[in-house]
1. Which one of B:Gly146, B:Leu132, B:Ala295 has its Cα pushed farthest toward the positive end of the charge dipole of the range B:67-304, where Lys and Arg give +1 and Asp and Glu give -1 at the Cβ?
2. Leaving out ligands, DNA and RNA but keeping every protein chain, what accessible area does B:Val41 have, in Å² rounded to the nearest 10, with a 1.4 Å probe?
3. Which loop-located trypsin sites (Lys or Arg not before Pro) does the range A:205-278 contain, where loop means any DSSP state but H, G, I, E or B and the Cβ has at most 15 other Cβ atoms within 10 Å?
4. Tell me, Kirkwood radius of the range B:67-304 from alpha-carbon pair distances, in Å?
5. Rank by packing, highest mean first: peptides A:71-78, B:258-265, with packing defined as the count of other Cβ atoms within 10 Å averaged across residues.
6. If every alpha-carbon in the range A:154-242 counts as one equal scatterer, what log10 I(q)/I(0) does Debye give at q = 0.20 1/Å?
7. Any idea which of A:Val56, B:Val175, B:Gly191 is furthest toward the positive side of the dipole for the protein assembly as shown, if Lys and Arg beta-carbons carry +1 and Asp and Glu beta-carbons -1?
8. Let's test this: bin the Cα-Cα distances of chain A at 5 Å from zero up to the farthest pair and state each bin's percent.
Amino acid sequence: MIDLRVRERPDLRPTAAAAASNGQTDIVLMARGLSFWYGDTQVLDGIEIDVPGRQVTAIIGPSGCGKSTFLRCFNRMNELVPGTRVEGAVVFGGRQINDRAVDPVEVRRRIGMVFQKPNPFPKSIYDNVAYGPRVNGFRGSMDDIVESSLRRAALWNEVKDDLKKSGLALSGGQQQRLCIARALAVEPDVLLMDEPCSALDPIATTRIEDLIRELCEQLTIVIVTHNMQQAARVSDRTAFFTVTDAGCGILVEHSETQKLFTSPADERTEAYITGRFG
Amino acid sequence: MSAAPTAAAPAPPSSTAAGVWRPRKTLRRWLGWAFQGLTIVSTLLGLALLAALLFDVFRDGAGQVDGHFLSSYPSRFPEQAGLRSALLGTLWMLGLTAVIAFPLGVGASIYLEEYAPDTWLTRFIQLNIANLAGVPSVVYGLLGLGLFVRWFGLGRSVLAGSMTMALLILPLIIVASREALRAVPDSLREGAFALGATRWQMVRRTVLPAAAGGILTGTILALARAIGETAPLITIGALTYIAFDPQGPMDLFTVLPIQIFNWVSLPQKGFADLAAGGIVVLLLVLLIANAAAVALRYRMQRRLQ
Ligand SMILES: Nc1ncnc2c1ncn2[C@@H]1O[C@H](COP(=O)(O)OP(=O)(O)OP(=O)(O)O)[C@@H](O)[C@H]1O
Ligand SMILES: [Mg+2]
């Protein structure tokens, strides 16, 4: 069973209720004319994308086309890298978030992230999951939030008898699910996943893919993947990025996954998904 | 492709399209052994020298160390003399130095590693901190004399000595702590940020616990260096003859190495034995400090499991 509790949070909450009432999915995340530079090197150019809520959006494209960079624009992780520059707007819940006036801490608390390599803290499983609630001043039953997060990440049954065990003592696939549980524990509205299965075997991958399908009933997921089958399996919509001759990442096409894989509008997309590129 | 597998692996070709292959396996194996042997010899040599030194010191000094030796003040008569005041002085100085140098050193290293932008100024500062670790200790003594003893008016007190020692070991603590902080993988920092932690929360809850073992070890090694230093304290005018217990940070003081140095320089035979006893006590203090470091580190790691 999945825990469907939603805590009261008046601030910034995107219009999920409004979406439910008028029966159509709202756009939760938007990029408008988004360009990005590492130093003097431009790696993203004029990205425009709408990410609908409570769906899985996959981002595919050849290596080095800026998928990770793009994903990290959504939770402002890029600004931790010195010498970077963003232009354009990232809009979340109707508000531009890549703005000095907006606290990145608040953004990251609402837009969680799971990394390519599992990175549990060298702490117990319990403390890993409780980390986010603790730093964000959660007052309430920590045991409950730890349990429900681990359940949502489909890890509870495997670890419930030994929550004091180090997170590092888990297998790779379990560690990644622990990282997902950790991200879910702050109850984000969006979960960004950067190749979350690339370090995992096929069985662990399947588990995480199932999990993604379950989670998208409650939150919005943006996932970067190199695996086109995976994109086809888990996502509702797919965005194809490519890299120009100048080494700059651009968004070529973004549509329903079904459509993108069966009748791509752009020949570059077709070349990529039929394996004639990269 | 269709040939049946043979028992012996086929010999690799000695020449391929790219060039000639000369594996010289015997030579390579011998070189490997030779190098391993060399490293073993250097290890044993170091250990043997250390063992000889310890044996020599303990043979001369161990007999001296008894309750009377530890609880008596220095005296003109070797059979009455003890190192009570020097031992207490060393403990006072150790405590005060730790209290001053630890927060400053760890704080500076956290700033440099976790907060400071990577500019030429930061790099210049870092380079110079590393250089400071190599400055002769007498120089710190002169600085302490001018700054703490005279300008701050602290006199020849334990506090002035401890502040001088803190200056001396500050670069060591900063360098060791920075190494420990740098060993914490960035993926942990990113993980903390991605959960909505502020920089301070990230440092406090993720980086410091992971680096604590290295920071503590570095600090204790630096303090061990302070226990053994004599020159800066002689420079600031720590006395050699103290016949009372230091009661507070403003009291006059002496320390074990100064007392030992003083006994060594006296002509009577009895004082040479006292010096050996003093060295044994000094070594014991060092061993206890190091054991404390190991125990602390172990507890830290246990806590993290
Ligand atoms: N920290 C950095 N500093 C400078 N350049 C960077 C940095 N990170 C990435 N880049 C450059 O930005 C471009 C896009 O990188 P990014 O990691 O976003 O690509 P990607 O699409 O995620 O690739 P992959 O599929 O291999 O993960 C690449 O050319 C890369 O060399
Ligand atoms: Mg990437």
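1. B:Ala295
2. Rounded to the nearest 10, that gives 90 Å².
3. Of the trypsin sites (Lys or Arg not before Pro), the ones in loops of the range A:205-278 whose Cβ has at most 15 other Cβ atoms within 10 Å are A:Arg276.
4. 19.3 Å
5. Final packing ranking: A:71-78, B:258-265.
6. The Debye formula, applied to the Cα set alone, gives -1.00.
7. Positive-most Cα among the choices belongs to B:Val175.
8. 1, 6, 13, 17, 18, 17, 14, 9, 4, 1, 0
The values are calculated or read from the model by the stated rules, or taken from the named source; none is laboratory data. For clarity, every value in this text was computed on a predicted model and none was experimentally measured. Here the Cβ is made from the backbone with ideal geometry for all residues, glycine too, and neighbour counts use every protein chain on show. SASA here: full protein model, heavy atoms, side chains in, ligands and nucleic acids out. Shrake-Rupley method; radii C 1.70, N 1.55, O 1.52, S 1.80 Å.
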